[in-house]
C-alpha cells in the first residue's frame, strides 16, 4: 500500500562496548521509520494528537539477522500493507550500506480517543493519505 525509506547513521551512544547496536535501539529505529511513513501520508503524530487521537504500540515483533555497528549508515524501510481500521500494522526492514538485511520487525498500534481511552476508527483524513 505505502512505504517509505529513511536513512540514519548509528551513533556511538547506541552501541555496546563491542560497537554493536544494543538490541533495544531497534524499537527507536522503527519509530523513525513509522514517523517517515506518516509524513509521506501527509500527517504526523502531532496532527493525530491535536485531533484527540493517540496511537500506543500494542505489539512489537522483531527478528535479528546481523548486527548493526557503530557508524553504519542504515536504511529503514517501513511498509503499511493493509488499510487500518482501529489498528494499524507497520512492517520494517533495516539494511546496512552494503544492502545486507540486518533486521525485520513489525509494530501494531491502536487508534485511541484521548478523551475516553477507548479504541476508535482511523480518521478519514488519515486513511486518505494511505490510499494510492
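A short reminder: the numbers here are calculations on the coordinates, not readings from a lab. As the structure is a prediction and not an experimental result, all values here were calculated from the model. Every residue, glycine among them, receives a Cβ derived from its backbone with ideal geometry; neighbour counts consider all protein chains shown.
The table below gives the values:
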read-out: Gaussian network model of the chain, springs between alpha carbon atoms under 10 Å - residue of 112, 94, 76 with greatest fluctuation; value: 112
read-out: Percentage relative contact order, the stretch 35-113, counting C-alpha pairs under 8 Å, at least six apart; value: 36 percent
read-out: Inter-label distance for residue 44 and residue 70, nm, one decimal - labels placed 7 Å from Cα along Cα-to-Cβ; value: 3.3 nm
read-out: Cut-off 16 Å (backbone N to label point 7 Å along Cα→Cβ of residue 131), residues of the stretch 68-84; value: 82-84
read-out: Helix axis angle, 25-40 relative to the chain longest principal axis, alpha carbon, degrees; value: 50 degrees
read-out: Contour minus Cα-Cα distance for residue 97 and residue 8 (0.36 nm per residue); value: 31.0 nm
read-out: Cα centroid separation, the stretch 58-87 to the stretch 95-110 (Å); value: 4 Å
read-out: The chain, relative contact order [Cα under 8 Å, separation at least 6], %; value: 31 percent
